[in-house]
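The values are calculated or read from the model by the stated rules, or taken from the named source; none is laboratory data. Keep in mind that this is a model prediction, so the values were computed, not measured. Because the Cβ atoms are built from the backbone with ideal geometry, glycine has one as well, and the counts that use them run over all protein chains shown.
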Amino acid sequence: MALMECRFYSEVLGLSTSMTVILPQQTSSQIGMQNNTRGGLHPTLYLLHGLSDDDSVWLRRTSIERYVAETGLAVVMPQVHRSFYTDMEWGGKYWTYISEEVPALARSFFPLSAEREDNFVAGLSMGGYGAFKLSLRKPESFAAAASLSGALDMAHNFMNPANASAKSREYELIYGTADIAGTSNDLLWLAEQRGQSAGPNPKLYQCCGTEDFLYEDNQRFKQVCEQAGLDLTYEEGPGDHEWGYWDARIQDVLAWLPLKK
């Protein structure tokens with residue numbers, strides 16, 4: 001595998017930023033690794049970070065480079081700060097950035113496929129929210145999406161009076177003061193809308209530990225998906241909001257992805 005730390009200027013954000021990229025490399029003599037490529041443009045997994053992390057965190061906290069070596073997947077890990085992958089009310093246009101600029105720039109920099117069946121997105125916590133938002137709002141662009149311990153019911157969390165004032169203020173910077181329920185920032189509403197659509201709809205993978213503070217969020221999202229008839233694979237089991245759980249589950253995600261043979 002080849003590892004790229006890519007620094008570039010974002011026209012959408014108006015600032016210099018970064019993405020970390022893993023590219024397939026065919027090798028025959030690398031000790032302890034079996035690397036493969038698929039030929040032509042690479043299928044791509046956009047792998048999204050959580051609230052307190054950055055574009056390097058998946059590489060630092062898991063063995064993602066080793067896990068993808070045999071798959072022939074490229075992995076693009078962008079940096080979005082604490083934006084919830086949203087065009088912020090008071091801040092950067094991070095939804096436009098992640099949904100439009102990042103794929104376009106990544107494909108201009110690297111040999112990545114633009115075909116829907118070759119594009120996937122996954123993330124943890126805030127990144128799980130981002131992954132499902134991308135796939136549900138742009139189903140024509142992503143064949144599958146995975147959420148690991150995702151913050152999947154932000155409409156509930158945003159309006160919950162039990163949230164601390166500092167947290168509420170941060171949400172207002174992102175979403176403004178209006179209720180986001182029933183809008184394109186509400187994943188439960190998006191799932192309902194996708195269920196009423198003729199498609200194509202993405203395949204979804206959702207997992208959460210039963211000890212995770214976001215477990216109830218995940219239960220609510222799962223129920224909506226089941227009622228909407230979406231193609232959802234759901235897994236739960238013992239686990240908290242921590243990297244040991246995510247390191248194990250990202251391997252399950254890679255095995256689940258509908259990669260072309």
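Look through region 1-17, keep the residues that are of a type outside the set (G, A, S) and not in a strand (DSSP E or B), and return whichever of them is nearest to V76 (Cα to Cα).
M1
If I ask for residues that are within 18 Å of the chain's Cα centre (by Cα) and in a helix (DSSP H, G or I), which ones from region 216-243 would you list?
Within region 216-243, D217, N218, F221, K222, C225, W243 qualify.
Taking the condition out of contact with any Cys (no Cβ under 9 Å at 6 or more places or on another chain) and part of a loop (DSSP other than H, G, I, E, B), does R82 pass?
Answer is yes for this residue.
Search region 29-50 for residues that are under 16 Å from S147 (Cα atoms) and pair each with any residue that is part of a loop (DSSP other than H, G, I, E, B) and modelled with pLDDT of 85 or more when their beta-carbon atoms are under 6 Å apart and the residues are at least 6 apart or on different chains.
Listed by first residue and then by second, the contacts come to L45/L73; G50/S125.
Which number in (1) under 20 Å from L134 (Cβ atoms); (2) of a type outside the set (D, E, K, R); (3) crowded, with 18+ Cβ neighbours inside 10 Å marks the one condition that T62 misses?
Condition not satisfied by T62: (1).
Kindly list, by first and then second residue, each pair from a residue in region 221-234 that is more than 16 Å from G199 (Cα to Cα) to a residue that is assigned to a helix (DSSP H, G or I) and among the charged types (D, E, K, R), limited to pairs with Cβ atoms under 7 Å and residues at least 6 apart or on different chains.
V224/E192; Y234/K222
Provide a single number: the residues in region 37-75 that are assigned to a loop (DSSP other than H, G, I, E, B) and more than 16 Å from the chain's Cα centre (by Cα).
10
State which residue is nearest to G123 (Cα to Cα) when the search covers only region 235-259 and only residues that are without any contact (Cβ under 8 Å) to a residue 40 or more places away in the chain and among the hydrophobic types (A, V, I, L, M, F, W, C).
A248
Any idea how many residues of region 99-114 are surrounded by 15 or more Cβ atoms within 10 Å (Cβ to Cβ) and farther than 20 Å from R137 by Cβ?
So the answer is 3.
Could you check region 29-59 and list, in sequence order, the residues that are more than 27 Å from T96 (Cα to Cα) and of a type in the set (D, E, K, R)?
Within region 29-59, just R38 meets the criteria.
Provide a single number: the residues in region 80-98 that are surrounded by fewer than 20 Cβ atoms within 10 Å (Cβ to Cβ) and of a type in the set (S, T, N, Q).
Within region 80-98, residues that are surrounded by fewer than 20 Cβ atoms within 10 Å (Cβ to Cβ) and of a type in the set (S, T, N, Q) number 1.
Within region 204-215, can you find the residues that are in contact with a Leu (Cβ under 8 Å, 6 or more places away or on another chain) and either at positive phi or not in a loop (DSSP other than H, G, I, E, B) (or both)?
L204, Y205, Q206, C207, C208
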